[in-house]
Amino acid sequence: METDQNIPGNQTTVNLSVPASRLINRRRLLQLGGGFVIVAAGGGSAYAKGTGPSASSGSHHIHSAMQAATPPAVATPQLGEQPDGSRIWHVKVGGMDMDTRVDVQSFLPGEITVNAGDAVWFEFNVTMPGAHTVTFMSGDEAPVLEVPDPDAGTPVAGPPAFILNPEVIFPTGGTSYNGTGYLTSGLDLLFDPSMGPFVLTFTEPGSYEYLCITHQMVMKGTVTVQEAGADLPMEQDAYDRMAEEQFAAIVADGEAASAEHADAIATERADGTTLWELSAGVGGESQARVMRFLPETVEVGIGDTVRWVDRSPGEPHTVTFTAGGENPELLSVEPQADGAPKFIFNSLALLPQGGDTYDGTTYTNSGFLGTPIINTDAFELTFSAAGEFDYICALHQGMEGKIIVS
Ligand SMILES: [Cu+2]
């Protein structure tokens, strides 16, 4: 089967394979999508509550390449009591344990109680963004990250086009939350440091659920807002300890899941060949998402079939054999005359390619396992030639495996 490694059209193609749990390289993205301006809907910036370098700026600028090349340090908000008597609290947004490759898809701590008028600094990891958002839906159903391109129409031939949902990836909703409406930080991969930290003020008592759009199946949190001046149940240092314990427990969960799925399951078939079942990511429905193929190396015979199962529901992975070629681009950036660029998924990464047999010569890809787009969490490939075949997950850099066929 022939594989076209080029994306048709005049789009700019970006190599967006980046460290684990990240979809795209922000700097590179900014270079190619550079110059556009994002203005937060609902008025005002949800960032930099008087603390960031752009505190005086009312809109979000994603800067051009030269500006992006020398990012200013992101200011850290002064936590605790403010001159006006309100407080700024601190919640971390996700985190990756590099030793175990467990991506912790959790808000840390997951629950916090504050008073009306207080703010929460939701701290994203700006040096290693995890493709996270902080999004308040106010009871509405959450949108998804990948959506069909509304402009693509019905192609005569070829696969459907999917894009990053523009309603999700850009900051929307302003600086304060009163329990109504849609408010989102936008996708951390697209943050510009000049936006400053994401600090959100809560104005009305209530209990507010929020989530990360990308990881909405597991990554949820709650902010409980009391009346102004009410007694607070916990101080920040106690929340910090809770957050540490939560992180450690999730990493331990991930390690247990890795141990459980450490070995391939071999099933002899009637014709003498073997079916080998592997994992493409483990972690079940917990907040621990292990960004590994397990086991990473498997020796099989010619004619054997390998079956990969995505064991992290809601966390897409690919099984991608490049046949010695380049790793596929994940997204392309298509500038739009009337605003923010469109981020289009490369069908070579998104969709199945290359058939169900591999001999080392043809680009072969599972597509995004575990997504409604291809609607399966498993991929099978039969190996018809001897060799050592490396493969990757196109979504998570460092997620690599090898099949040795003899
Ligand atoms: Cu992956």
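Considering only the stretch 89-111, I want to know if a residue exists there that is in contact with a Leu (Cβ under 6 Å, 6 or more places away or on another chain) and modelled with pLDDT of 50 or more. Lay out the reasoning, then the answer.
Pass one, the stretch 89-111, residues in contact with a Leu (Cβ under 6 Å, 6 or more places away or on another chain): 90, 92.
With modelled with pLDDT of 50 or more added as a condition, the list becomes 90, 92.
Among the residues of the stretch 89-111, at least one is in contact with a Leu (Cβ under 6 Å, 6 or more places away or on another chain) and modelled with pLDDT of 50 or more, which makes the answer yes.
With the structure loaded, tell me whether Pro335 is assigned to a loop (DSSP other than H, G, I, E, B) and out of contact with any Ser or Thr (no Cβ under 7 Å at 6 or more places or on another chain) or whether it fails that test.
Criteria not met by Pro335.
What single numbered condition from (1) closer than 21 Å to Gly355 by Cα; (2) within 16 Å of the ligand (Cβ to nearest atom) fails to hold for Val282?
All conditions pass for Val282, except number (1).
Can you tell me which residue within the stretch 170-188, out of those that are among the hydrophobic types (A, V, I, L, M, F, W, C) and crowded, with 24+ Cβ neighbours inside 10 Å, is farthest from the chain's Cα centre (by Cα)?
Among residues in the stretch 170-188 that are among the hydrophobic types (A, V, I, L, M, F, W, C) and crowded, with 24+ Cβ neighbours inside 10 Å, the one farthest from the chain's Cα centre (by Cα) is Leu183.
Does the stretch 292-301 contain any residue that is within 19 Å of the chain's Cα centre (by Cα) and either of a type outside the set (A, V, I, L, M, F, W, C) or crowded, with 18+ Cβ neighbours inside 10 Å (or both)?
Taking the stretch 292-301 as the starting set, the residues that turn out to be within 19 Å of the chain's Cα centre (by Cα) are 292-293.
Adding the requirement that they be either of a type outside the set (A, V, I, L, M, F, W, C) or crowded, with 18+ Cβ neighbours inside 10 Å (or both) leaves 292-293.
There is at least one residue in the stretch 292-301 that is within 19 Å of the chain's Cα centre (by Cα) and either of a type outside the set (A, V, I, L, M, F, W, C) or crowded, with 18+ Cβ neighbours inside 10 Å (or both).
Restricting attention to the stretch 358-375, which residues are outside any loop (DSSP other than H, G, I, E, B) and either more than 20 Å from the chain's Cα centre (by Cα) or modelled with pLDDT of 95 or more (or both)?
Going through the stretch 358-375, the residues outside any loop (DSSP other than H, G, I, E, B) turn out to be 358, 364-365, 369, 371.
Of everything in the stretch 358-375, those that are outside any loop (DSSP other than H, G, I, E, B) and either more than 20 Å from the chain's Cα centre (by Cα) or modelled with pLDDT of 95 or more (or both) turn out to be Tyr358, Thr364, Asn365, Leu369.
Among the residues in the stretch 334-343, are any buried (at least 17 other Cβ atoms within 10 Å of the Cβ) and within 16 Å of the ligand (Cβ to nearest atom)?
No; the residues of the stretch 334-343 include none that is buried (at least 17 other Cβ atoms within 10 Å of the Cβ) and within 16 Å of the ligand (Cβ to nearest atom).
So Phe293 clears everything in (1) touching a Gly at 6+ places or on another chain (Cβ under 6 Å); (2) over 27 Å from Arg269 (Cβ atoms); (3) within 11 Å of the ligand (Cβ to nearest atom); (4) assigned to a strand (DSSP E or B) except one condition, right? Which one?
Status for Phe293: all satisfied but (2).
Give just the number: which of (1) in a loop (DSSP other than H, G, I, E, B); (2) surrounded by fewer than 20 Cβ atoms within 10 Å (Cβ to Cβ); (3) within 16 Å of the ligand (Cβ to nearest atom) does Asp390 not satisfy?
(1)
If Gly355 passes every condition in (1) in a loop (DSSP other than H, G, I, E, B); (2) more than 13 Å from the ligand (Cβ to nearest atom); (3) crowded, with 20+ Cβ neighbours inside 10 Å but one, which one does it miss?
Just one mismatch for Gly355, condition (3).
Quick check on this structure: which one of Val168, Val199 is in contact with a strand residue (DSSP E or B) (Cβ under 9 Å, 6 or more places away or on another chain), assigned to a helix (DSSP H, G or I) and of a type in the set (A, V, I, L, M)?
From the options Val168, Val199, the qualifying one is Val168.
Let me confirm something: among Asp310, Asp271, which residue is at pLDDT 95 or above, more than 16 Å from the ligand (Cβ to nearest atom) and either among the charged types (D, E, K, R) or closer than 21 Å to Thr214 by Cβ (or both)?
Asp271
The values are calculated or read from the model by the stated rules, or taken from the named source; none is laboratory data. Source: prediction; values computed, not measured. Please note: Cβ atoms are built from the backbone with ideal geometry, for glycine as well, and neighbour counts cover all protein chains shown.
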